Amino acid sequence: MVAFYKAAKGRNRMIKDLWLVANLAIVTELWKLRNKAYFEVMAVQWLGFKGRIYQVIRDNSIRMNSHMFNNVEELRILNYFKVQHRSCKISTPIEACWSPPNHDEIMICCDGVSLGNPGQDGAGVHFRDVNAAVLGVLCIGLGWQTNYCTEMDAIIYGVMLDKRWNVKNICVQSDSMSCIQAFQKDEFPWQ
């Protein structure tokens, strides 16, 4: 099985899954055919054997949830086994615009992440000057919190560090609209 799976190396996930299903189908059907020939003394019918393998592959291909790269060779393989095509997930690039802070400001870009909600979390902040040069970075593990509290803590830690540096004007960049609105309304979730 390992040798068969190595033969699919470099292919996309759908072809690898199909390759694995085909190998398992061959081994299973070969074992069943051997048992019928040995214990039930039946004649081996290779055409029926081949048809059962194709049917098992088609039946199990429904459970495959991976995608393909949409090239001709993969389409030829999928058509040979009569497996339903699943096109590649296409990501469309989104244009993003970023501008450095004003001359009298320091920009802090904050983000937090939680593995689960609530879950293990951490925050990251980086500080930039008017020339967009990175002045410093801050990474912190926060323990066990919700996504919202993690995003808020990222902003709070960034502002606290700017306060230590005696910075008067701060431009905060965050991807959490709820956190930005909470700061605008002075609704901090202090623990």
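The values are calculated or read from the model by the stated rules, or taken from the named source; none is laboratory data. Everything quoted here is computed from the prediction, not taken from an experiment. FYI the Cβ positions are ideal-geometry reconstructions off the backbone, even for glycines, and counts take in every protein chain you see. Keep in mind that these areas ignore ligands, DNA and RNA; they rest on the heavy atoms of the full protein, side chains included. Shrake-Rupley method; radii C 1.70, N 1.55, O 1.52, S 1.80 Å.
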- [ ] Once you have all Cα-Cα distances for the range 1-121, histogram them in 5 Å bins from zero and send the whole-percent values.
- [x] 2, 9, 13, 13, 11, 9, 9, 8, 7, 5, 4, 4, 3, 2, 1, 1, 1, 0, 0
Open item on the list: Cross-link candidates for K185: which aspartates and glutamates have Cα within less than 19 Å, leaving aside residues fewer than 8 places away along the same chain?
Closed with: E151, D153, D175
Task: Solvent-accessible heavy-atom area per residue, rounded to whole Å², over the range 123-174 at 1.4 Å - done: 56
TODO: Determine which aspartates and glutamates satisfy two conditions relative to K16: a Cα distance under 16 Å, and not lying fewer than 8 residues away in the same chain.
DONE: E73, E74
- [ ] Note the direction-averaged projected area, equal to a quarter of the hull surface, for the Cα convex hull of the range 89-191, in nm².
- [x] 8.2
Task: Which of V83, F39, Y54, positive extreme of dipole for the chain (C-beta unit charges) - done: F39
Open item on the list: Tell me the relative contact order for the chain as a rounded percent, counting alpha carbon contacts under 8 Å between residues six or more apart.
Closed with: 15
Open item on the list: Looking at the chain only, what percent of DSSP beta bridges run antiparallel? Nearest 5 please.
Closed with: 75
- [ ] Whenever you get a sec, compute what percent of the accessible area on the range 37-191 sits on carbon and sulfur atoms (1.4 Å probe).
- [x] 57
Task: About the Cα centre, charge dipole magnitude for the chain (Lys/Arg +1, Asp/Glu -1 at Cβ), debye - done: 1740
Task: Percentage relative contact order, the range 88-183, counting C-alpha pairs under 8 Å, at least six apart - done: 31
